[in-house]
Amino acid sequence: MTQYVIIGDGISGSSAAETLREEDPDADITVITDEGEPLYNRILIKEHAKGKLPEAPISIHDEEWYDERDIDLSLNTHVTSVDTDAKTVRTHEGEDHEYDKLLIATGGTPTQLPVENSDADGIHHFWTFQDARRIREAAENSEQAVIVGAGLLGIDFAAVCGAQGIEGKYLMRGDRWWRYALSADGAEIMHEGMREKGVEPVFDSGVDRFEVDDDGHVEAAVDPNGERFECDWAGVAIGLTFNTEFLRGSGIERDNGIVVDEYMQTNLEDVYAAGDITRFYDVLLGEQAQNGSWGSAKEQGRVAAVNMAADAEEEEFEWVSSYSITHFDFPFLSFGHPTLGDEHVERKYSDTEWRRIAFKDGKIVGGVLIGDLSPQSKFKQLMREQRVVADQAEVLLEQSVDLDELAPAQEQ
Ligand SMILES: Cc1cc2nc3c(=O)[nH]c(=O)nc-3n(C[C@H](O)[C@H](O)[C@H](O)COP(=O)(O)OP(=O)(O)OC[C@H]3O[C@@H](n4cnc5c(N)ncnc54)[C@H](O)[C@@H]3O)c2cc1C
């Protein structure tokens, strides 16, 4: 009987456990997580922090779900090391779990700002359900907040401010939100959306230090220009530090995350990884890539489990990810790898509609749609087909995209 150990019960670890049970009904499956609750919907915790959603619908599995599938779940258990020669996983309680095949699905932890008082009371990071509960409580009892981190997670803090009627100051380093994927035109739509929610973007700013009161609670952020922004709390979302600390000395290849091939296998036989933690070989992009999104993590967990159970390179991970934001009056969607590529085209259609497409070697590798998401499935289809279309930007930028207007695909 094969023994599988999965570290992490986020969507990638949990989807792997579910698939393993389907693929290998007799196997011994253990899932270890350092969180105190089984899988919940990380995408929805922002709605809880906004005060819009109670706890119950956010939970996905209860402990019974694991019992019913004969999956051994260890909550509140932190893995401290992996011995890949002895094939054991050690927990903080000194317990060793033996494995035949191991899946690492440990995701990341929000990075702290490297500035004075960055760990003060009232400075929040956003990753777990527990974080969301704390943010909700802070937000419900406050009038003003500071947000740092001009990316997809930072904007959730802005939405919390908007929903809770808090005056927010969103301190950004450059001249716009998500400057790696948006031009000034696209970003301006997002800035207007923030302003309508009572959140003011502050450009060429950031945080030089936080100031705290006598109780050690944050009371202001001071930016590099010396400007002081008073706040009852601060939300920091400047990126993720991948949870690989416990793999030191394990021989598992890491490069800002765990390196895996398209089968989710690491450099070591019998060790796989899935989800945010991976630097995986993206078969559509033709290079190693990273991707922090729910759908992709779920699929990576499934694919890893299929290959683990088959003990073979049975299935490749091939996926076009997407990440949407629904906080504003207009929808927003990023797909694929919008910050990569060697060329891009874009167009603004109205005050709330904009589109940008990124290409690599003439093929679409990602993009951003604001206001009108209707072309998304066509762009994703072109990505999957790996069609060279960069020279037909006019067709792709038409308000209503008609793929029949594209010149026939060339033989590759
Ligand atoms: C506020 C917020 C909003 C988001 N919104 C969206 C969205 O709209 N759309 C979208 O696609 N994605 C969104 N995401 C991203 C998405 O949630 C992640 O990409 C996805 O959850 C990653 O899943 P994972 O299983 O790879 O990692 P995680 O969900 O991070 O799970 C990893 C688990 O491993 C545990 N762990 C780590 N180290 C250890 C250890 N040593 N021992 C034991 N356990 C350990 C962690 O505690 C955690 O429970 C959002 C994320 C957040 C935080």
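Heavy-atom accessible area for His344, with the other protein chains in place and a 1.4 Å probe, reaches approximately 90 Å².
Near Ile60, the amide H atoms lying under 5 Å from its own belong to Tyr40, Asn41; only residues 5 or more places off or on other chains count, and H is placed 1.01 Å from N.
Only Cα pairs within less than 10 Å get springs; with that Gaussian network setup on the chain, which residue of Gly94, Gly371, Gly295 has the largest fluctuation? Residue with maximal mean-square fluctuation among Gly94, Gly371, Gly295: Gly94. Accessible area per residue for the chain is 44 Å², calculated with a 1.4 Å probe on protein heavy atoms, without ligands, DNA or RNA.
From the protein chains alone at 1.4 Å, what is the descending order of accessible area for Ser15, Ser350, largest first? Write down the numbers at each step before the final one.
Values: Ser15 10, Ser350 45 Å².
Result of the area sort, largest leading: Ser350, Ser15.
The amide H of His337, built 1.01 Å from its N in the peptide plane, has Gly366, Gly367 as neighbours under 5 Å, considering only residues 5 or more places off or on other chains.
Multiplying the residue separation of Ala393 and Thr339 by 0.36 nm and removing their Cα-Cα distance gives an extension gain of 17.6 nm. Here's how it looks for Gly239: its modeled amide H is under 5 Å from those of Thr111, which are all 5 or more places away or on a different chain. Of the whole protein surface, Thr326 contributes about 100 Å² of accessible area at a 1.4 Å probe radius.
With both labels modelled 7 Å from their Cα along Cα-to-Cβ, the Asp72 to Glu200 distance reads 5.8 nm. Counted by Cβ distance under 12 Å from Thr80, the other residues give a net charge of -4, where Lys and Arg count +1 and Asp and Glu count -1.
Report the relative contact order of region 123-236, percent, no decimals, based on alpha-carbon pairs under 8 angstrom and at least 6 residues apart. For region 123-236, the relative contact order is 32 percent. If Lys and Arg each add +1 and Asp and Glu each add -1, what is the summed charge of the other residues whose beta carbon sits under 15 Å from the beta carbon of Lys360? Counting the neighbours of Lys360, the net charge comes to -3. Sequentially through region 214-231, phi angles give Karplus couplings (6.51, -1.76, 1.60; θ = phi - 60°) of 5, 8, x, 8, 4, 10, 6, 10, 10, 8, x, 8, x, 6, 10, 10, 6, 7 Hz, Gly and Pro residues having no value and appearing as x. Summed over qualifying helices (DSSP H, 4 residues or more, each -39500 (n - 2.57)) and divided by its residue number, the chain shows a 222 nm mean residue ellipticity of -6500 deg cm²/dmol.
In this simple spin-label model, placing a label point 7 Å from the Cα along the Cα-to-Cβ direction at both Asp26 and Glu140 gives a separation of 5.2 nm. Cross-linked pairs Lys298/Lys360; Lys46/Lys298; Lys50/Lys298; Lys50/Lys378: Cα-Cα separations exceed 30 Å for Lys50/Lys378. Computed from backbone phi, the HN-Hα couplings of region 50-66 come to 6, x, 9, 9, x, 6, 3, x, 7, 5, 9, 10, 9, 5, 4, 4, 6 Hz, rounded to whole numbers (Karplus: 6.51 cos²θ - 1.76 cosθ + 1.60, θ = phi - 60°; Gly and Pro given as x).
Across the chain, the relative contact order, built from alpha-carbon pairs under 8 Å that are at least six residues apart, equals 14 percent. Quick check: pseudo-label points 7 Å beyond the Cα along Cα→Cβ at Thr111 and Ser59, how many nm apart are they? Rounded to a tenth, the inter-label distance reads 3.5 nm. Coupling constants for region 393-406 follow from the phi torsions by the Karplus curve (6.51 cos²θ - 1.76 cosθ + 1.60, θ = phi - 60°), and in residue order they are 4, 4, 5, 6, 9, 4, 3, 10, 7, 10, 5, 5, 7, 6 Hz; glycine and proline get x. A 1.4 Å probe, protein heavy atoms only, puts the accessible area of Lys298 near 100 Å².
Could you look at the chain and say what percent of its accessible area is carbon and sulfur, using a 1.4 Å probe and all protein chains?
The nonpolar share, carbon plus sulfur, comes to 40 percent.
The values are calculated or read from the model by the stated rules, or taken from the named source; none is laboratory data. Source: prediction; values computed, not measured. Reconstructed Cβ throughout: ideal geometry from the backbone, glycine too, with neighbour counts over all protein chains shown. Quick note on the areas: whole protein, heavy atoms, side chains included, nothing else; ligands and nucleic acids left out. Shrake-Rupley method; radii C 1.70, N 1.55, O 1.52, S 1.80 Å.
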